[in-house]
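Engineer: Sending over a structure as structure tokens; questions will come in a sec.
Here, each number is a calculation from the coordinates, and none is a lab measurement. Note that the structure is predicted; figures quoted are calculated from it, not measured. Note that we place each Cβ from the backbone using ideal geometry, even for glycine, and neighbour counts take in every protein chain shown.
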Amino acid sequence: MLKRMLILVAALLLVATTTAAQQPKTTASQQPKPPAERASVPSKAPEPPPQPINIKIEFTITDQTGSGQPSKKVVSMIVGDRQNNSIRSNANVLVETPGPMRDSPKSFSYREVRINVDAHPVLLKDGKISITFGLEYLPKAGSSGGEGSLEPGMSSLNERLGLILESGKPMIVSQAADPVSDRKISVELIATVLK
């Protein structure tokens, strides 16, 4: 019986030594870092909670072709500090297309027009407003840039901007040229802190 116990102990020692030899050795760089070293890694500060303040945001879109009368669209919203707001405005308008020949009958179809706005304002410590916004504008356009006859092929404006504004002070935040005509679209933005 003693002989069996010695053989069993010897076998266990042999297995333990073999297993230990097969495991990779850890170097000093692989050793877990002490808590003091882990604490030195900078962590991102948590975002402060929203302030109980509303901000009025007003977008003015000016659409002009050549020397024609500019068309203006105004979109306004009231947004809480650090909140997300969206406005979706869509419609279908009747589009008249001339026939292929001078005396051919005209054809009619519907075209979607839209103004979509997304905004996320953040009040800063110095009283200024950081705002991230997106604007999608697919307008009704006339041959002179106004509200006259419709053109079947029109361009749209799609932008996403982030900027800093002073409360109540208007700023032209973008001016875009139509890629197929002399049409220009500019966007003016006013953000006002409401007290």
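Engineer: Restricting the calculation to Cα positions, tell me the Rg (one decimal) and the Dmax (whole number) of the stretch 54-194 in Å.
Structural biologist: For the stretch 54-194, the Cα-based Rg and Dmax read 17.8, 67 Å.
Engineer: Given R₀ = 30 Å, what would the calculated FRET efficiency be for Asn116 paired with Gln51, taking r from the Cβ atoms and rounding to 0.05?
Structural biologist: Here the calculated transfer efficiency is 0.65.
Engineer: Could you grab the relative contact order for the stretch 54-194? Cα pairs under 8 Å, six or more apart, rounded to a whole percent.
Structural biologist: 28 percent
Engineer: Then there is this: Mind listing the long-range amide H neighbours of Arg82? Cut-off is under 5 Å, sequence gap 5 or more, other chains count too, H placed in the peptide plane at 1.01 Å from N.
Structural biologist: Distant-sequence amide H within range of Arg82: Val122, Leu123.
Engineer: Provide Tyr137, Tyr110 in ascending order of the number of other Cβ atoms located within 10 Å of each residue's Cβ, fewest first.
Structural biologist: The fewest-first ordering by Cβ neighbours comes to Tyr110, Tyr137.
Engineer: Here's something else I'd like to know. Summing Lys, Arg as +1 and Asp, Glu as -1, what charge do residues with Cβ under 14 Å from the Cβ of Gly168 carry, Gly168 excluded?
Structural biologist: With Lys, Arg at +1 and Asp, Glu at -1, the neighbours total +1.
Engineer: Among the listed pairs Lys125/Lys195; Lys106/Lys184; Lys56/Lys128; Lys73/Lys128, which are separated by more than 24 Å between their Cα atoms?
Structural biologist: Beyond 24 Å: Lys106/Lys184; Lys73/Lys128.
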